[in-house]
Each structure stands twice: as structure tokens, then as C-alpha cells.
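The values are calculated or read from the model by the stated rules, or taken from the named source; none is laboratory data. Everything numeric here is computed off the predicted structure, so don't read it as measured data. Cβ sites come from the backbone with ideal geometry, for glycine too, and all protein chains shown count toward neighbours.
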Ligand code: UD1
């Protein structure tokens, strides 16, 4: 297995270019099949989630051609299967977007329950409620979700009971090809929902209101291919902003939409970080101490839940007591136990975590518990004295492109090392006897 080895203590300085948004890419790639034509998608992040969702299309009969590291061409003219394989679906959460996309194009779909990061129960009742409102019959047997709309899909009003990114996207995907008008109420407003709507419209769909809580979709009978460039990744940009802030560095982030970063910038400024905004870049620098702050995660435009673990890493050395209240997921603090191994002083009670700032963190062996929890380990390791060894990095690589290269480019000392699969004791989470060639003491 591969691990990251981070030598902490460097102040990050220089510039980092952010890639395309992961959560937009994993919705836009399935959406391309609605065209039944050729689509060219640009500014894709080079991450494993994009590989997996592309493989799903290929398995269904589409042709996916890689034009460059960030550009693919999807030819879905001959895509003819509507059954996604278990092996691919369980690798990621967004495999469930094949439900809406296949239902929209063919009127039926069979997709296994998705995988993805574990934050407690992740229900899909709102997705199913939406499909049913459009006239589909839904079923779940042996972990496979099946959808059938024998008489075709018909537009309907879908008032969501919870603001759900996934349900909003899935209903949009199905509704673009339904007969008549669909209205999604209490829709999610994340930047990638707007990006998906723009992509659907570029293929001939009629989607209005994305970015507000009411989205209106007038179904069209035919769509066509398009060329589309994905927005920059808000969470990747935010992660590097926090890395700069936490290490007391000075970083310019390029290919970013400052408007998408407002809730994150506001909190960092409260913590004493200086932020300068330009058209499509931002400079983040800190010279004074970090101050404590309180964060509550909320759907967009609130503070993103996908940024709270990284924020926790910065809070761990902020003067005073900081808190994070998780307003989206029931159980998103598993990473805190790992942070504690680096000397973080934290206490979790239900959906609230409190962090009492400490003078310094000290390197140790930790694991990435999930994608953003993994990013928090990297940031904490960059602050920590000595070496930190991060395992289970496949979580991180699902969502961060060229993380090591980008961080090394701004002065971090971090590399990827291969160790035997049984290198770590399951019981202690440390190398057995700690006498193997890992470099730790
Ligand atoms: C997406 C993101 C994820 C992010 C989350 C919230 C992708 C691939 N993943 O996940 O990184 O953390 O948005 O910004 O884009 N819920 C229900 N019933 C449903 C659906 C959701 O009760 O049918 C609840 C969930 O349990 C959760 C809340 O709604 O409490 C938000 O979930 P949702 O916005 O759907 O998250 P995802 O789309 O899965």
C-alpha cells in the first residue's frame, strides 16, 4: 500500500492552480449520455472518481476517449445497457447519478447502491421520491435500485423535504427528457448544480433557476452533443487556502471563482488570515497568530460541510476554543480521533466538535478516514513538528488531483512511499514493533 510521508514545519509559499470541480465532473459525465451524441468535457480533475464514472459509461457501451489529462470525449450514441455493475458502483457515491441519467434517456435503469465516504446513514429517499413524482416505479432488491417508467416520464412538482445536492441533480437529469414542466422546490444551490444546469442547457435542455431554491425544467424530446468546461473546484481551492493559513504561508490560488469561496474566506478572515481577491485568483497569507472561531456547516451558500475537517486542522493551533457544528451529516467527526494522535486537543459531542488551540502538533502515524478527513490529516501534518505518516490515502486521491506535486510546488516536504500491505498492525495502527524501514522512531 502507498502512504504519504510529510515532513512538517514549512510555510507554504508560491502559487497553486486548482483543477475542475470533482462534484461537478461526476454529475456532468453521466449527464453527457442524455445527448445520445458526442460531448467534449474540459477542465476535468485528474482524480480516481472521474476514472470510475468514465469506466461506468464504457461498461454501458459508450466510447470515452481521453484527449488530454483534463479533457475527455464521450460518445454515447451506441450506449445500450442500463445496468451498472456492482463493482464500479460501490467505488463512489456519484454512481447513483446513473439513475437519473439512464432514466432520462431510456426510461429505465438498474444501479447498485452507491459507495463513497461514510458520514452515518446516507438515505436516497428524496431521489426516489423525485423519480416517482415523474412517473417512475422504483424498487430495491439485493442492493440494486431499479427504476421503470413504462409510459414515459411526465413533468411534476417535486418539493424536497431536505435540501439534497444528490437528489436535486438526479431529478434534474431525469426531468430534462420528461414531458412537460418539472419544478424542484427546496433545491440545493451549490455551484456545481448551476454548472450541471449550464451543461444540460448547452446540450439543448431547458433548465432555469439553478442556484436558487426553485429549479424549473421544461422537458425536451431531443438533446445534442456539446463542448463544455467544468468550473474550478471550490473545495480543492478551500483546502489550499486553509493549508496556507495553517502554515502561516503566502499562497496565490489560480483558477478559482472567488464568489464561490465567500463563506470560507469570511471564516478565515475572522481567524486573522489576510485574503486578497482578483478575477480568477486569490492570495492567502498570514503573519499574526490564528484566532479561534466558530463554524456551522450548512447547504450552499453556508459554510460547506466538505470543508469542516480541513478547518478543524487550522483550529487546532488557533488561540482559544473553536467549534464546528455539523449541520448536514449525522456523523462526520471520525477524523478527529486521528487528529488527536498529532496532539490536537479536541472533544466531540454529537454534532459539535470543540478544539482548544495548542502551541504545536507533533508528527505521528495517522490514517485518512475519508476524503476530506484525509485532507485534514495532510494540513495537520504540514503544521506538525517532525514526520507524519498518512495511510489509506486512496480516500484522498479520489478527490484531490496531484496533491503531492501541488504542495511540493509551494514548499511542502511530502512524498509517497510504498510499504508492504501488512506493514501496519491492525491493533495499534502503527508499524509492527516500529522497527521496519519506515523512518519513524
Ligand atoms: C454531496 C457531495 C458531498 C457533500 C454533500 C453536502 C457529491 C458527490 N457529494 O453529497 O461531498 O458532503 O453533497 O454538501 O456531490 N438526505 C436525505 N435523503 C436523501 C438525500 C439526502 O435525507 O434522499 C440528507 C442526507 O442524509 C444529508 C443531507 O440530506 O443529511 C444532505 O445530503 P446530500 O446533499 O444529498 O449529499 P450528497 O448529494 O450525498
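Some values worked out for this structure:
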{"item": "Number of positions in the range 63-74 that are in contact with a helix residue (DSSP H, G or I) (Cβ under 9 Å, 6 or more places away or on another chain) and either surrounded by 14 or more Cβ atoms within 10 Å (Cβ to Cβ) or closer than 16 Å to residue 27 by Cβ (or both)", "result": "4"}
{"item": "In the range 116-132, residue nearest to residue 158 (Cα to Cα) [restricted to those that are surrounded by fewer than 18 Cβ atoms within 10 Å (Cβ to Cβ) and more than 9 Å from the ligand (Cβ to nearest atom)]", "result": "132"}
{"item": "Identity of the residue in the range 209-223, touching a residue at least 40 places away in the same chain (Cβ under 8 Å) and assigned to a strand (DSSP E or B), that ends up farthest from residue 188 (Cα to Cα)", "result": "218"}
{"item": "Candidate set: the range 226-249, residues that are more than 16 Å from the ligand (Cβ to nearest atom) and assigned to a helix (DSSP H, G or I); chosen: the one farthest from the chain's Cα centre (by Cα)", "result": "247"}
{"item": "Selected residue (criterion: farthest from the ligand (Cβ to nearest atom)) from residues of the range 133-163 that are without any contact (Cβ under 8 Å) to a residue 12 or more places away in the chain and in contact with a strand residue (DSSP E or B) (Cβ under 6 Å, 6 or more places away or on another chain)", "result": "139"}
{"item": "Check on residue 33, within 17 Å of residue 229 (Cβ to Cβ) and not in a strand (DSSP E or B)", "result": "no"}
{"item": "Candidate set: the range 203-224, residues that are in contact with a helix residue (DSSP H, G or I) (Cβ under 7 Å, 6 or more places away or on another chain) and crowded, with 20+ Cβ neighbours inside 10 Å; chosen: the one nearest to residue 154 (Cα to Cα)", "result": "219"}
{"item": "Selected residue [in the same structural domain as residue 256 (by TED's automatic domain parsing), within 16 Å of the ligand (Cβ to nearest atom) and either outside any loop (DSSP other than H, G, I, E, B) or more than 25 Å from the chain's Cα centre (by Cα) (or both)] from 295, 358, 366", "result": "295"}
{"item": "Residues located in the range 298-326, provided they are in contact (Cβ under 8 Å) with a residue 60 or more places away in the chain, near the ligand (Cβ under 10 Å from one of its atoms) and in a loop (DSSP other than H, G, I, E, B)", "result": "299, 300, 304"}
{"item": "Single residue of the range 384-429 satisfying the filter (over 23 Å from residue 233 (Cα atoms) and touching a helix residue (DSSP H, G or I) at 6+ places or on another chain (Cβ under 7 Å)) that is surrounded by the most Cβ atoms within 10 Å (Cβ to Cβ)", "result": "388"}
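Here's the yes/no breakdown for (1) on the phi < 0 side of the Ramachandran plot; (2) within 16 Å of the ligand (Cβ to nearest atom); (3) buried (at least 24 other Cβ atoms within 10 Å of the Cβ):
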| position | (1), (2), (3) |
| --- | --- |
| 20 | yes, yes, yes |
| 29 | yes, yes, yes |
| 32 | yes, no, yes |
| 48 | yes, yes, no |
| 51 | yes, yes, no |
| 58 | yes, no, no |
| 61 | no, no, no |
